[in-house]
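Notes follow once the structure below has been shown.
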Amino acid sequence: MYADVDDGQRVFRHRFVRDVNHYPAFVGKGPGKSPSRKDTLDIQLLMTSDRTLYVGARNRVYAINLGQSYGDEIQFSKSITWEPNAAAKEDCRVHGRKQTECQNFIKVILKRKNDKLFICGTNAFNPLCRHYKMDTLAPQGDISSGKGRCPYDPKDSNVALFADDNLYSATVSDFQKTDSLIYRSLGDSPRLRTFKQNSKWLKEPSFIHAVDYQSYIYFFFEEESVEYAGLDKVMLPRVARVCKNDMGGNAVYLENEWTSFLKARLICSVPGDSPFHFNMLRSVSDVVKLHGQDVVIAVFNTPKNSIPGSAVCAFSIQDIEKVFAGRFKEQKSPTSIWTPVPDAMVPKPRLGSCAGSELLKHYKSSHDFPDDSLEFMKKHSLMDGSVGAVSLQPLFLQTRISDRILKIAVDNKAGPKGDQTVVFLGSQKGWLLKILVWQGSPVFLEEMNIYNYKKCTLDVGITEQNIVDLKVDKPSETLYVAFRNCVRRVPLGSCERHGPCKKACIASRDPYCGWANEACIHLSPGTTVEYEQDIENGKTDGLDGC
């Protein structure tokens, strides 16, 4: 065990070397069946709904009952097999793709109303979507195009969510990867997208996450910078926003495009005379309450050719809104630098918010917006201001080891009173990190390597330790951790590691753990057991060492 302190962060780290191989694993096995160990599952994502964990993999979707108890191995209760047909595979090979790429990698699993699942896959670089019944996984309706809803290449990023029964998606919409878009489809609202192949709207983006919040959908992504264009390619993290009631423009301007699309830079950096920026956005949480504010918490990395490092920053929705209400940025000519747009040069009404909102209350629909305002929005999507992190610094830094953080999951109802926030982080080398976001300084609770070589490594010796996805299941107080070829089930609190040592239990400051009945036990929300715990200070005055 060791402890270290990150400069200026007062984050205490403890590494515990212990056996975690007893945590259950899913390796593709069903009731009474043994999986083939000659190939990988190629897990792409996890989705939880109605006490079921859905695992999107290659040519398969697995449904796992979260209310069921398991031994060493987790088994699926139902599954969908969806492979490309022979013609699709052949066409994929003709276009120069490998046989391993010409499969159906499941990239979208969403719950839709009427107890339906909406599932999309790459289908040998010809993406398709279909609805399924949640209870039986039987297909419903016809197969539909996945263009604009699912990527062609399994290596490409994508996000998707339903809001008011409209599908909001962001991905690459063509085989050549020249047309990235943020797109609305399927529902009663008209189909809208970002302006096609316009680098000032989107330039080689990698989409990370999307959230539905009040009147807007927020998209988090990274893209090649247009405002700092030069000899070197500069990637910047962004947040973009569109109105849910956006109906598009008129026949002259933005007829089939967003009239409300705005984007701004996110800044996660170590402050100083020369701030050190983390510009590679890797994972973003849903909106959670933190210190009375609605925030998202995000993971950032340094580039591969830079000093290895990761940072975790929180951004308040209110701060994002302030930037979107601020100045626009523009480039007056292809060779000129980007400068703020003077407020006097912005047409009235100022667009970017929703029709019928306080600023646009005289307009019932975006169809009614004036031509000059729509023309301005077509040319101005980038804001001049940037969104800084809450407290203007990272919640957590990791710069001392060559292992970047990739994924995040947040439990903001941790502990017996459900009043603590714990952040779980997954790394590229299979490490799971746990942080308590306290009102003072964040506290590093523990880290452990949960990659199981015996269960998660193929017989052919392929080792993929990248953590692909994380999902918290509060009813069972567990965390599901996906690797390429397995899913591990990990308790939110590893209280047993303290054994019969009261001093270690109290000093851990772990909100999931408390001292009761002469043992360090897991404290579920609403527990009635009398316990001792000191989250604020972890004081152990008068307690004997162990």
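Does segment 399-407 contain any residue that is within 26 Å of Pro475 (Cα to Cα) and surrounded by 20 or more Cβ atoms within 10 Å (Cβ to Cβ)? Yes: segment 399-407 contains one or more residues that are within 26 Å of Pro475 (Cα to Cα) and surrounded by 20 or more Cβ atoms within 10 Å (Cβ to Cβ).
Scanning segment 191-205 for residues that are in contact (Cβ under 8 Å) with a residue 60 or more places away in the chain and surrounded by 15 or more Cβ atoms within 10 Å (Cβ to Cβ) yields Leu192, Arg193, Thr194, Phe195, Lys200, Trp201.
Considering Leu425, Leu445, the condition of being touching a His at 6+ places or on another chain (Cβ under 8 Å), of a type outside the set (D, E, K, R) and not in a loop (DSSP other than H, G, I, E, B) is satisfied by Leu445 alone.
Exactly one residue out of Ile467, Ile435, Ile506 is in contact with a Pro (Cβ under 7 Å, 6 or more places away or on another chain) and either more than 28 Å from Val299 (Cα to Cα) or crowded, with 20+ Cβ neighbours inside 10 Å (or both), and it is Ile435. Look at segment 483-494: where a residue is farther than 12 Å from Val472 by Cα and among the hydroxyl-bearing types (Ser, Thr, Tyr) and a partner is in a loop (DSSP other than H, G, I, E, B) and at pLDDT 95 or above, sitting 6+ places away or on another chain with Cβ atoms under 9 Å, you get Ser494/Asp510; Ser494/Tyr512.
Considering segment 388-435, and only residues there that are touching a Leu at 6+ places or on another chain (Cβ under 6 Å) and basic (Lys, Arg), the residue that is farthest from Leu523 (Cα to Cα) turns out to be Lys407.
Screening Asp544 against (1) farther than 23 Å from Ser441 by Cβ; (2) of a type in the set (D, E, K, R); (3) crowded, with 20+ Cβ neighbours inside 10 Å leaves a single unmet condition, (3). Taken over segment 119-172, the residue count meeting the criterion of being small (Gly, Ala, Ser), outside any loop (DSSP other than H, G, I, E, B) and on the phi < 0 side of the Ramachandran plot is 7.
All conditions but one from (1) acidic (Asp, Glu); (2) modelled with pLDDT under 95; (3) more than 15 Å from Ile405 (Cβ to Cβ) apply to Asp473; the one that does not is (2). Residues that are within 30 Å of Trp438 (Cβ to Cβ) number at least 3 in the following strands (runs of 3 or more DSSP E) confined to segment 303-416: 310-316, 382-388, 396-398, 405-414.
Filter segment 174-196 down to the residues that are modelled with pLDDT under 95 and small (Gly, Ala, Ser) and list them by number. Gly187 - this is the single residue of segment 174-196 that is modelled with pLDDT under 95 and small (Gly, Ala, Ser).
Among the residues of segment 259-268, are any surrounded by fewer than 19 Cβ atoms within 10 Å (Cβ to Cβ) and either among the aliphatic types (A, V, I, L, M) or assigned to a strand (DSSP E or B) (or both)? Checking segment 259-268: not a single residue is surrounded by fewer than 19 Cβ atoms within 10 Å (Cβ to Cβ) and either among the aliphatic types (A, V, I, L, M) or assigned to a strand (DSSP E or B) (or both). Among the residues of segment 486-536, the one identified as among the acidic types (Asp, Glu) and part of a strand (DSSP E or B) is Glu532. What about Tyr216, is it touching a residue at least 12 places away in the same chain (Cβ under 8 Å), under 22 Å from Tyr363 (Cβ atoms) and not hydrophobic (A, V, I, L, M, F, W, C)? So Tyr216 fits the description; yes. Restricting segment 133-161 to residues that are touching a residue at least 60 places away in the same chain (Cβ under 8 Å) and over 19 Å from the mean Cα position of the chain (by Cα) leaves a set whose member that is surrounded by the most Cβ atoms within 10 Å (Cβ to Cβ) is Met134.
Number of residues in segment 271-294 that are among the hydroxyl-bearing types (Ser, Thr, Tyr) and either buried (at least 16 other Cβ atoms within 10 Å of the Cβ) or at pLDDT 95 or above (or both): the value is 2. Restricting segment 91-114 to residues that are free of Cβ contacts under 8 Å to residues at least 24 places away in the same chain and surrounded by 13 or more Cβ atoms within 10 Å (Cβ to Cβ), the residue that is farthest from His131 (Cα to Cα) is Arg93. Scanning segment 214-258 for residues that are assigned to a loop (DSSP other than H, G, I, E, B), β-branched (Val, Ile, Thr), touching a strand residue (DSSP E or B) at 6+ places or on another chain (Cβ under 9 Å) and over 18 Å from Gln331 (Cβ atoms) returns no hits. Each residue in segment 317-353 was checked for being of a type in the set (A, V, I, L, M), over 14 Å from Arg265 (Cβ atoms) and surrounded by 15 or more Cβ atoms within 10 Å (Cβ to Cβ), and 4 of them qualify.
Scanning segment 197-213 for residues being within 27 Å of Val94 (Cβ to Cβ) and either at pLDDT below 95 or not in a loop (DSSP other than H, G, I, E, B) (or both) gives a total of 1. Selection of segment 227-244 for residues being within 14 Å of Ala264 (Cβ to Cβ) and in contact with a Ser or Thr (Cβ under 6 Å, 6 or more places away or on another chain) yields Leu236, Val242.
Looking across Thr335, Thr259, one residue alone is at pLDDT 95 or above, farther than 30 Å from Gly418 by Cβ and hydroxyl-bearing (Ser, Thr, Tyr). It is Thr259. Across segment 409-432, what is the total count of residues that are on the phi > 0 side of the Ramachandran plot and surrounded by fewer than 23 Cβ atoms within 10 Å (Cβ to Cβ)? So the count comes out to 2.
Would you confirm, using the coordinates I've provided, whether Asp286 is in contact with a strand residue (DSSP E or B) (Cβ under 9 Å, 6 or more places away or on another chain) and either part of a strand (DSSP E or B) or not acidic (Asp, Glu) (or both)? So Asp286 fails the test. Pairing residues of segment 519-544 that are of a type in the set (Gly, Ala, Ser) with residues that are at pLDDT 90 or above and surrounded by 10 or more Cβ atoms within 10 Å (Cβ to Cβ), at Cβ distances under 6 Å and at least 6 apart in sequence or on separate chains, gives Ser524/Glu477; Gly538/Ala507; Gly538/Arg509.
The values are calculated or read from the model by the stated rules, or taken from the named source; none is laboratory data. Here the structure is a predicted model, which means the values were calculated and not measured. Cβ coordinates were reconstructed from backbone atoms using ideal geometry, including for glycine residues, and neighbour counts include every protein chain displayed.
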